[in-house]
Every structure is written in C-alpha cells, then in structure tokens.
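All remarks here apply to the structure that follows.
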Amino acid sequence: MARFVITGGAGFIGSHLCDRLLSEGNEVVAVDNLITGSVNNLNLAYKSKNFTFLETDVSKGLEMINGKVDYVMHFASPASPVDYLEFPIETMLVGSAGTHNTLELARQNKATFMLASTSEVYGDPSIHPQNEGYWGNVNPIGLRSCYDEAKRYSEAMTMAYHRVYSVDTRILRIFNTYGPRMRVKDGRAVCNFICQAEQGENITIYGDGSQTRSFCYVDDLVIGIIKLIYSGENMPVNLGNPTELSILDLAKLVLEKIETKSQIVQKPLPEDDPKVRQPDITRAKNILEWEPVVPLDEGLVKTIDYFSKILKGD
Ligand code: UDP
C-alpha cells in the first residue's frame, strides 16, 4: 500500500483522483482549504478507512503531515477563470508557496511529486494544436496572468527541484476537463451551459462563440493521471481530449440534450480569452499508451444527469 498526499483533494479533479487511488488499495491524505473545493466531493472517499482529510491552506505549510509519504500530487488551485479572478492572490500563492511546500514534502520523503499544470501555460496559442515543446503566448499582466504565470512558475520550480535535489517529478498539463462534481457556480462553459439550460435561463456565449476548446471527460483524465504518476516521465505531458469544437457548437450540443426554453445570447468576450485550444497528445499516447475513450456526447449526458440531480436538491 502506498501513501498519497493530494492537495486540492476536495476539488473536482482531486476528489476523483482520491476515489480512484483508494479503490486501488492505497492510503490517501487529501488536503484542501475549501475555497473552491467541497467536502461533499469526498462522500465516497470518507467510506474508506484509508482516507484522511485535512482542511488547511497548502500555501501556509504542510507541517501537519506526519509519517511516510510515497507520492505528493499538487492539485490545489482555483482553476475556473471566474474563481481565479475572484481569488488572484490566493491563486498566485498556491502556485508559488504551495508548490514550494509540496515539493519540500516530496524531497523530505524521497517521494514522487506530480504538479497539476495546465494548458493555460500556452496562453492564447500561436501554434495549433499545442504540443509540450511550445513555450506559449501569455500576457504577464493580464487578468488571467494570476493563474497562467502561477502555473508557469510552478513548472519552473518543479524542474528546479528535479535538477537540484533529483526529486522524481511529473508535470501534467491538463486541458479542459468536465464531469460530475463541477460546481453549479463554477463559471466554466460546460457547467454554465448545462445549468442555464436546466433552469431555463439564457445560454451565455462570450464573444461570437467561434473560439474553440477540446473537452475531456474526467474519468479519462484520471486514468491518464495514474498512468503518468507511475511512468517515470519527468518532462511535461499534455492530457486532454483532442476532439475540438467551437463554444457555439458546445452550446448547441447541450441544447439538443436538454428540453428547455433557453435561448443563446451573446456576452462580451473576457480579456485574453484564448481563441483556440486543442491538445497534441502524441507524447501521452507514446509514453503512457493513453488516449481518451469517452465521446463528448456520452460524457455530456453523464454530466447533465449529475447537474440535474444537484439542481433538484437530490
Ligand atoms: N464561455 C462562454 N460562456 C460561458 C462560459 C465560458 O462562452 O458562460 C467561453 C469562454 O469565454 C471560453 C470558453 O467558453 O472561450 C471556455 O471557457 P471556460 O471558462 O470553460 O474555460 P477556459 O478554457 O477559458 O479556461
């Protein structure tokens, strides 16, 4: 049995990761300050005797973690543009001090470390699709910079610990992911469109909706994450679903699946909103023998089912 520390363990992706690792017979310590995470996401994890939850801010230190740790997975951070705009300083601190603290925990324990990085390191990309060799196009002082630059810093810090202390590190660049346990008020396109349609509110398209994204179902992502942590690969790996579509088409797809009186309306495009995004997953395919298998149609149905229950108060 290996012992994992997962920061952001009460978050959308972190909580699915806790469940998967527990089901594979591991011990899991989830750490979260709950500014965007929720203990409700841990209902399944709590059923395991191998699970512990610590409510604390990773940016302030991890001295409370006792005993041997085999793996440290740093998933704590606001990740929706709405959230990181509300908490820009917390976002920068969890990416900087939080990454330093989690890397120290890994160094002291000779543990394997994984950083949950993001496709946002590529900014508004000038190459398409984005591969790991691309250095990105990020506005360092724009509204999104608190997230993008925090993650770029955290990647640099991770590589520094790898080079200086030989910590066995992983850098995972996560592209748009969706699925159960996203919050109703998360603010990202998939949850907004589903919740708006479920509640008969207008579907808000920012700009003309021609910007593209590529959406990966959370179960696919988690399988890739587990393969990566056990892989021995120290260089960044993109994980995401390469099926690309425009945001307008995403809204239409949601409307096809939910009976509603909602209409599509336009709102202003946020500053520095990337025009395109699609992962090049050649490295993940070659190194991890991984690629997503859940089609968007199927993943959306599962996600709609989740939100409709939550909105009914089930
Ligand atoms: N978006 C939109 N309406 C919404 C929420 C998001 O049109 O209600 C757009 C947003 O401007 C972006 C895309 O959908 O172009 C994906 O946004 P999201 O917040 O899901 O994630 P991002 O990829 O920007 O991090």
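The values are calculated or read from the model by the stated rules, or taken from the named source; none is laboratory data. The structure presented is a predicted model; accordingly, all values stated were derived computationally and were not measured. Ideal geometry is used to build each Cβ from the backbone, glycine not excepted, and the neighbour counts take in all protein chains shown. Heads up: the accessible areas ignore ligands, DNA and RNA and are worked out on the full protein's heavy atoms, side chains in. Shrake-Rupley method; radii C 1.70, N 1.55, O 1.52, S 1.80 Å.
Being touching a strand residue (DSSP E or B) at 6+ places or on another chain (Cβ under 7 Å) and of a type in the set (Gly, Ala, Ser) is the filter; apply it to region 260-308 and report the residue that is surrounded by the fewest Cβ atoms within 10 Å (Cβ to Cβ). Among those residues, the one meeting the criterion is 262. Of the helices (runs of 4 or more DSSP H) contained entirely in region 35-145, those carrying at least 1 residues that are away from the ligand (no atom under 16 Å from the Cβ) fall at 88-95, 97-109.
When restricted to residues that are more than 23 Å from residue 195 (Cα to Cα) and open to solvent by 10 Å² or more (accessible area, probe 1.4 Å), region 209-242 contains 11. Residue pairs whose Cβ atoms lie under 7 Å apart, separated by 6 or more positions or on different chains, with the first residue in region 299-314 and under 23 Å from residue 222 (Cα atoms) and the second surrounded by 12 or more Cβ atoms within 10 Å (Cβ to Cβ) and hydroxyl-bearing (Ser, Thr, Tyr), are 299/178; 299/217; 303/178. If only one of 280, 208, 249, 220 is charged (D, E, K, R) and either in contact with a Gly (Cβ under 7 Å, 6 or more places away or on another chain) or near the ligand (Cβ under 10 Å from one of its atoms) (or both), which one is it? One residue alone meets the criteria, 208. Suppose we keep only residues that are more than 9 Å from the ligand (Cβ to nearest atom) and surrounded by 22 or more Cβ atoms within 10 Å (Cβ to Cβ) within region 168-180. Which one would you say is farthest from residue 270 (Cα to Cα)? The extreme case among them is 169.
Scanning region 271-314 for residues that are of a type in the set (Lys, Arg) and within 30 Å of residue 260 (Cα to Cα) turns up 275, 277, 302, 309, 312.
Output yes when any residue across region 19-34 is out of contact with any strand residue (DSSP E or B) (no Cβ under 8 Å at 6 or more places or on another chain) and at positive phi, and no when none is. Yes, region 19-34 contains a residue that is out of contact with any strand residue (DSSP E or B) (no Cβ under 8 Å at 6 or more places or on another chain) and at positive phi.
I'd like the full set of residues that are part of a helix (DSSP H, G or I) and buried (at least 24 other Cβ atoms within 10 Å of the Cβ), limited to region 14-34. Correct list: 14, 15, 17, 18, 21.
The rows are residues; the columns are (1) closer than 18 Å to residue 200 by Cβ; (2) at pLDDT below 95; (3) assigned to a loop (DSSP other than H, G, I, E, B); (4) β-branched (Val, Ile, Thr).
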site	(1), (2), (3), (4)
255	yes, no, no, no
262	yes, no, yes, no
274	no, no, yes, no
277	no, no, yes, no
286	no, no, no, no
294	no, no, yes, yes
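If you check 252, 257 for being out of contact with any strand residue (DSSP E or B) (no Cβ under 9 Å at 6 or more places or on another chain) and among the basic types (Lys, Arg), only one passes: 257. Within region 215-244, the set of residues being touching a residue at least 60 places away in the same chain (Cβ under 8 Å), of a type in the set (Ser, Thr, Tyr) and part of a loop (DSSP other than H, G, I, E, B) comprises 231 only.
In the set (1) within 16 Å of residue 91 (Cα to Cα); (2) over 16 Å from the mean Cα position of the chain (by Cα), residue 186 fails one condition alone, (2). Taking region 74-101 as the region of interest, how many residues are closer than 23 Å to residue 16 by Cα, more than 12 Å from the chain's Cα centre (by Cα) and aliphatic (A, V, I, L, M)? Going through region 74-101 one residue at a time, the tally reaches 2.
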